[in-house]
Amino acid sequence: MKVSRERWSRDFRGWFREVIFNSGVYEYRYPIKGVGIWPPYGMKLRRYVLNILKRLLEERGHEEVLFPTLIPEEYLRKESEHIRSFEKEIFWVTRGGKEALKERLALRPTSETAIMPILKLWVKSHADLPLRIYQIVNIFRSETKATHPLIRLREVTTFKEAHTVHATFEEAERQVSEAVRIYCKFFDELGIPYLISRRPNWDKFAGALYTLAFDTLLPDGRTLQIGTVHNLGQNFSKAFDVTYLTPEGKHEYIYTTSYGISERVIAALIGIHGDDHGLVLPPNVAPIQVVIIPIYYNEEERRAVVKEVEGVEGELKRNGIRVYVDKREDVTPGEKFYYWELKGVPLRVEIGPKDVKEGKVTLVRRDTLEKWSVSKEVLLIEVRKAFSVIQRDLRERAWKWFRERIVRASDLEKALKFINEGKIVEMPWCGRGECGLKIEEKLSCKVLGVDISQGKVSGKCVLCNNEAKYYVRIAKSY
Ligand code: P5A
Ligand code: ZN
């Protein structure tokens, strides 16, 4: 059988909604806009994805914490740019039972303003720095743009936010590079391709000096921001008056950074690797890595096959592989194949009477549906090898597809044609906000920003014809 990606590419939104629901990853029928539920299978996928992220953060000196969901209005208002931008998205708690609260409390839209007053208590001297903390929490944003399951939620349930504190600007800058490296590794482990862009000033995180963003591309030709890293400079420390004592005995404001990831990465993982049969999960995050399907047609065969299946299951389990045997009696093997393909299990093991006789098992790769037969003795080696090949092939296929969709254009007409083909376009730009905003308006697209390690640029700004300073990236986006 060949892999089909017809529906996946033609009707991605419909495909996505159906697949996340039918596969048991996400339930989106709760009667509040932009709010969803993680059923057991999705919860496991979420856990394996988060395990990678936690490991990468902890290897690099981040420690897990947990701050309150509620933020006093007074704190939220301290950094003026921050509140100005978030004000229209805040859910407020105004009553406790029948009593009106003296001060409104915000459901956190992010935690900078909850963390700063506590940092003021924790950070005394240079010996306390650097400080790196992270938490995985729910946040609330009354998003005005159209909500989508996993992609744009009003209650984000998988908000990993890291916050760091430094003595100098240079150290904060190094932390920004470090955060970018951590996120690169994270997306690489998930096989998610990305571009890193410095967001234009009009689109940076409210209160930041600047924002670096990771964007990927979904099959419908829209980019998705799957992570951001912000250098907050001393904006928040000045607003909250957080200082530390230098070795020379002077009080200096601290420098902070923050960076965040949400369940959007799980949306990207599903969207990017999937096909018309459903999910295609990389082995490192698949809740079930190997599904075993016993095949038999009479009682005698059943007994022989079941014995063999138990042996194989035991061996794989003992070696730390997440394996599941589909023992259902009232479902045909063909139906089982469809079911587990939909759930994205990377490898299927079929064991039938012929396999038993020959001392073999049949393997089927989910990503290619390629089928082959191996002798039982080498099964474990073969499974491990298949995992690493699948992991690599998924990443390479995704990057190839992504790279083919990044193009350059030197005028607006060509750019528009590419945008309508679902591509990310790079064009010469003078760097002025005025021109950037006009580009967004004329092409009804989003300016993603500029490459962070960009070399010399030749050409004229596509809008004003002045000397270009950058290639600006634009795309349709979620
Ligand atoms: C960085 C962490 C922040 O909030 N404060 C702490 C900083 N940055 S951010 O860009 O606003 O959000 C971080 C990432 O979260 C994802 N995200 C969302 N995901 C789903 N639904 C939403 N409504 C939503 N809003 C933000 C994005 O991937 C974003 O980059
Ligand atoms: Zn210009």
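The values are calculated or read from the model by the stated rules, or taken from the named source; none is laboratory data. This one's a predicted model, so the numbers in the text were calculated from it and none came from an experiment. Quick reminder, even Gly has a Cβ in these numbers, built from the backbone with ideal geometry, and neighbours come from all protein chains shown. Side chains are part of the model used for accessible areas, which takes the heavy atoms of the whole protein and leaves out ligands, DNA and RNA. Shrake-Rupley method; radii C 1.70, N 1.55, O 1.52, S 1.80 Å.
Name the residue, out of L463, L448, L443, that is among the hydrophobic types (A, V, I, L, M, F, W, C) and within 16 Å of ligand 1 (Cβ to nearest atom).
Values: L463 fails: within 16 Å of ligand 1 (Cβ to nearest atom); L443 fails: within 16 Å of ligand 1 (Cβ to nearest atom).
Unique residue meeting the criteria: L448.
Would you please name the residue that is farthest from I295 (Cα to Cα), looking only at residues in the range 324-367 that are buried (at least 16 other Cβ atoms within 10 Å of the Cβ) and β-branched (V, I, T)?
V345
Within the range 183-223, how many residues are of a type in the set (V, I, T) and either open to solvent by 10 Å² or more (accessible area, probe 1.4 Å) or not in a strand (DSSP E or B) (or both)?
2
Are there any helices (runs of 4 or more DSSP H) wholly within the range 344-423 with 2 or more residues that are modelled with pLDDT of 95 or more and among the polar types (S, T, N, Q), and if so which?
It comes to 379-403.
So, of the residues in the range 44-67 that are without any contact (Cβ under 8 Å) to a residue 60 or more places away in the chain and of a type outside the set (K, R), which turns out to be least open to solvent (accessible area, probe 1.4 Å)?
Step by step, filter the range 44-67, then rank; the result is N51.
Among the numbered criteria (1) away from ligand 2 (no atom under 16 Å from the Cβ); (2) aromatic (F, W, Y); (3) surrounded by 16 or more Cβ atoms within 10 Å (Cβ to Cβ), which single criterion is violated by Y470?
Failed condition: (1).
Within the range 369-395, can you find the residues that are more than 30 Å from the chain's Cα centre (by Cα) and more than 21 Å from G311 (Cβ to Cβ)?
Scanning the range 369-395 gives a single hit, K371.
Of the residues in the range 142-174, how many are open to solvent by less than 10 Å² (accessible area, probe 1.4 Å) and within 13 Å of T228 (Cα to Cα)?
3
Which of the residues belonging to the range 123-155 are more than 13 Å from ligand 1 (Cβ to nearest atom) and either touching a Leu at 6+ places or on another chain (Cβ under 7 Å) or in a loop (DSSP other than H, G, I, E, B) (or both)?
V123, K124, S125, H126, L129, P130
Got a sec? Which strands (runs of 3 or more DSSP E) wholly within the range 68-113 have at least 1 residues that are open to solvent by less than 30 Å² (accessible area, probe 1.4 Å)?
70-72, 99-107
For the range 227-260, give me the residue count where each residue is under 12 Å from the mean Cα position of the chain (by Cα) and surrounded by 24 or more Cβ atoms within 10 Å (Cβ to Cβ).
1
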